[in-house]
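The values are calculated or read from the model by the stated rules, or taken from the named source; none is laboratory data. Here the structure is a predicted model, which means the values were calculated and not measured. We place every Cβ from the backbone using ideal geometry, glycine too, and count neighbours over all the protein chains shown. The accessibility values were calculated without ligands, DNA or RNA, using every heavy atom of the protein model including side chains. Shrake-Rupley method; radii C 1.70, N 1.55, O 1.52, S 1.80 Å.
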Amino acid sequence: MATLLAPRRIRKVVNYLRYYWSLYLMLLLPLLYFAIFRYIPMSYILIAFKKYSLFQSVWEMPWADHWGFEYFVRAFSNRDFLNALRNTLMLNFLDLLVGFPAPILFALLLNELPFMRFKRFTQTVTYMPHFLSWVIIAGLAVQVFAPQTGLVNIALRRMGFDPIPFLTEPGWWVATYVFLGVWKSLGWNSIIYLAALTGINPELYEAAEIDGANRWQKIRYVTIPGIRPTIITLLILNLGQILSSDFDRPYALSNALVYDVSNVLATYVYTYGIRGLQFSLTTAVGLFQSVVCVIFLFAANALAKRYGERGVW
Amino acid sequence: MASHVEVRELTPTTRKVKSRGTRIGDFVIALICLLIVLACLLPMLHVLARSLSSADALIRGRVSLWPVGFNLQAYQLVLSDAKYTWSLVWTIILTAIYTGVAMTMTILCAYPLTYDKLVGRRLINALILFTMYFNAGTIPMYLLLKDLGLLNKPAVLVIPNALSVFNMIIMRSFFYTIPASLRESAEIDGASPFQILVRIYLPLSKPVLATLALFYAVARWNGYSDALMFMNNRTYHPIQLLLFNILNAVTSIEVATQEGFVTPGMSETLKAATVMFATVPILLVYPWLQKYFITGATLGAIKE
């Protein structure tokens with residue numbers, strides 16, 4: 001205490017504050033933002049363990065049954081929730097299986113393309129869908145895949161095939177959902193790999209050529225090892241999000257006929273919570289999802305480090 | 001930074017020794033790229049053709065890539081409907097306000113955190129990063145906004161997402177690349193931290209400021225879920241939500257009666273025109289701004 005109040009110490013603090021006080025002033029608004037919109041909502045998580053009441057504060061509400069875990073028990077015996085959980089995992093897994101390697105392959109393809117002007121044109125065009133909203137993409141998809149009048153089915157009919165119900169039959173809907181994800185992000189997600197490719201030492205390619213390597217061998221032994229760290233880092237980030245659930249995409253693409261496969265956790269929370277007013281149940285679902293996401297992210301990161309990769313942090 | 005991420009240019013020497021097999025390979029690769037380009041462009045062309053065709057030709061499935069029975073009726077209806085034009089104007093206003101607010105917040109958050117001397121910097125960093133990995137969820141946010149009285153107020157479309165941690169980290173990483181000696185010499189000359197920010201840091205960060213502003217603007221322009229959840233007042237629905245509601249009206253008959261048309265096919269051309277109406281603004285600005293977007297995509301790769 002004595003040292004804390006020593007005059008030299010006080011003078012130091014005063015000098016520090018006299019110059020740097022404005023930094024704290026600048027941080028005031030951002031910190032208030034994080035406190036109000038990111039940390040205070042965390043106190044509302046308590047609702048997951050309490051019986052929600054419109055007329056009481058979070059603290060006054062009575063605890064839920066089963067030592068507070070009533071709503072978790074209820075969620076896991078709710079058919080729609082289990083369906084949403086399954087769909088979330090299924091759609092995310094398919095995205096990972098198809099949507100993750102696609103931009104890598106596309107970057108490798110662009111890297112091998114020798115026509116510079118055409119390459120630039122390809123890049124410009126394929127980056128564009130990234131900037132369209134899911135509502136617009138859904139609007140485009142509904143029309144392009146329309147059973148009678150859409151471009152794709154017109155083409156199929158001319159080739160003598162039956163029309164395909166891309167957006168109204170559950171199996172086809174899943175395929176279309178995954179395809180549209182690739183369509184939107186193929187070009188944009190390839191940028192990061194293209195950037196990694198520029199970091200590869202050109203001498204490696206020259207050495208490979210002297211050794212008589214052909215195109216495939218150069219890709220296999222020079223290019224892919226060169227972008228491996230980038231691939232691993234992004235794979236971790238994606239694995240960590242296997243239970244995360246985007247709202248915009250499934251909600252914009254869904255319709256009543258495919259509810260059984262388009263119902264995911266985010267849309268479930270919206271339908272049961274904001275529209276169905278079951279706040280305790282849906283807060284419990286949200287908490288379950290957040291916690292599992294964090295666990296997955298840490299696990300994926302630890303796994304990567306164990307196998308000698310850099311990890312995300 | 002160049003507008004495109006340049007990949008290793010082939011040198012003339014490698015070009016000379018190319019075998020026939022390699023050249024065939026080049027053309028196969030170019031062909032695949034061409035197919036991907038077509039997959040990106042043809043859907044737009046098809047919907048454009050639908051919007052310009054007659055309702056009759058459309059429902060008979062005769063419209064593929066070129067308008068059949070060319071007419072501008074659908075666009076006349078869209079452009080004469082105050083609902084559409086107002087939502088376009090409102091979304092532009094909203095995007096401008098949101099981008100301004102979010103950029104201010106991002107700069108105010110990123111700049112002080114670049115000072116090594118700032119007491120409490122590590123704690124603040126940790127608290128901010130934590131929110132990136134763990135969030136409370138939709139319902140707690142909804143209940144908070146309800147308790148704050150922000151539900152159905154225009155501000156609900158700006159404030160709850162006024163700062164993106166991801167963008168803040170990009171901003172901060174860029175500030176770090178500005179040499180500390182610049183700041184130190186300004187400090188010796190008696191400049192305050194705020195003056196240093198405005199006179200040195202911001203002018204040197206123009207490209208990244210443009211990129212982040214665009215990221216925020218695109219996010220706001222394309223967003224509809226926050227309005228769907230937190231905004232019941234149709235006047236303040238952004239254009240994407242209006243489009244969503246029109247596209248998802250249960251049957252085309254419903255749209256037709258709602259919009260006051262008798263022919264059911266008309267609602268199909270109208271849907272096409274509505275999609276184009278919401279897409280064209282993006283397509284108009286995209287070619288001019290793409291270099292900033294691409295700078296941003298690679299900036300995002302900068303790690304902590």
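With unit charges on the beta carbon (Lys/Arg positive, Asp/Glu negative), name the residue among B:N222, B:A96, A:P163 whose Cα is farthest towards the positive pole of the charge dipole of the protein assembly as shown.
Toward the positive end, the furthest listed residue is B:A96.
With θ set to phi - 60°, apply the Karplus curve 6.51 cos²θ - 1.76 cosθ + 1.60 along region A:181-194 and write out the HN-Hα couplings as whole Hz, x wherever there is a Gly or Pro.
x, 5, 4, 6, 10, 3, x, 4, 5, 6, 4, 5, 6, 4
Using +1 at the Cβ of each Lys and Arg and -1 at the Cβ of each Asp and Glu in region A:112-180, identify which of A:M116, A:S133, A:A175 lies farthest towards the dipole's positive end.
Value: A:M116.
Would you be so kind as to identify all helices of chain B, as entire DSSP H runs, whose Cα atoms reach 27 Å or more along the helix's own axis and whose mean Kyte-Doolittle hydropathy is at least -0.5?
Helices passing the filter in chain B: B:20-51, B:82-110, B:264-299.
Among rounded, prolate and oblate, which fits chain B when a ≥ b ≥ c are the square roots of the eigenvalues of its C-alpha gyration tensor, a/c under 1.5 means rounded, and a/b larger than b/c means prolate?
Taking the square roots of the gyration eigenvalues as a ≥ b ≥ c, chain B is oblate.
Between the DSSP loop rule and a limit of at most 15 other Cβ atoms within 10 Å, which chymotrypsin sites (Phe, Trp or Tyr not before Pro) in region A:85-126 are left?
Listed in order of number, the matching sites are A:F115.
Which value, in Å² and to the nearest 10, is the accessible area of A:Y177 when all protein chains are kept and the probe is 1.4 Å?
10
Let me have the relative contact order for region A:68-306, percent, based on Cα pairs under 8 Å that are six or more residues apart.
Value for region A:68-306: 31 percent.
Name the shape class, rounded, prolate or oblate, that the alpha-carbon gyration tensor gives for region A:68-306, where a ≥ b ≥ c are the square roots of its eigenvalues, rounded holds for a/c under 1.5, and otherwise prolate holds if a/b is larger than b/c and oblate otherwise. All intermediate terms of the calculation are to be shown ahead of the outcome.
Working: a/c = 2.81, a/b = 1.41, b/c = 2.00.
Taking the square roots of the gyration eigenvalues as a ≥ b ≥ c, region A:68-306 is oblate.
With a cut-off of 8 Å between alpha carbons and a minimum separation of six or more residues, what is the relative contact order of chain B in percent?
Relative CO of chain B lands at 29 percent.
Note down the magnitude of the dipole of region A:68-306 about its Cα centre, charges +1 on Lys and Arg C-beta and -1 on Asp and Glu C-beta and zero elsewhere, to the nearest 20 debye. Before the final figure, lay out each step's value.
Working: 17 positive and 13 negative charges, 28 e Å.
The dipole magnitude comes to about 140 debye.
What size of dipole, in debye to the nearest 20, comes out for the protein assembly as shown about its Cα centre when the only charges are +1 on Lys and Arg C-beta atoms and -1 on Asp and Glu C-beta atoms?
1300
Say we join alpha carbon atoms closer than 10 Å with springs in a Gaussian network model of chain B; which of B:P179, B:P67, B:P43 then has the biggest fluctuation?
Most flexible of the set in this elastic network: B:P179.
Let's test the formula: R0 of 45 Å, r as the Cβ-Cβ distance of B:N245 and A:R18. What FRET efficiency results, to the nearest 0.05?
It comes out at approximately 0.20.
Per residue of region A:71-85, in order, report the coupling 6.51 cos²θ - 1.76 cosθ + 1.60 (Karplus, θ = phi - 60°) as ³J(HN,Hα) in whole Hz, putting x for Gly and Pro.
Running phi through 6.51 cos²θ - 1.76 cosθ + 1.60 with θ = phi - 60° gives 6, 5, 4, 5, 4, 6, 10, 9, 4, 5, 5, 4, 4, 5, 5 Hz.
For the A and B pair, go ahead and give the buried accessible area with a 1.4 Å probe, both sides summed, in Å² to 100.
On the way: alone 20380 and 18640 Å², together 29860 Å².
By this definition, chains A and B bury close to 9200 Å².
Checking the a/c ratio against 1.5 first, then a/b against b/c, what shape does the Cα gyration tensor give for the protein assembly as shown?
The shape class here is oblate.
Counting Lys and Arg as +1 and Asp and Glu as -1, each charge on the Cβ, what is the dipole of chain B about the Cα centre in debye, to the nearest 20?
Once rounded to the nearest 20, the dipole reads 780 debye.
Among B:K83/B:K146; B:K117/B:K206; A:K119/A:K218; A:K119/B:K271, which pairs are too far apart, with a Cα-Cα distance over 29 Å?
A:K119/B:K271
For region B:39-118, what number results from the quotient of the Cα radius of gyration and 2.2 N^0.38 Å? Walk me through the intermediate numbers first.
Working: Rg = 22.4 Å, N = 80, 2.2 N^0.38 = 11.6 Å.
That ratio works out to 1.93.
Starting from the amide H of A:K50, placed 1.01 Å from N in the peptide plane, find each other amide H under 5 Å away whose residue is 5 or more places distant or on another chain.
Placed amide hydrogens put A:A64 under 5 Å from A:K50.
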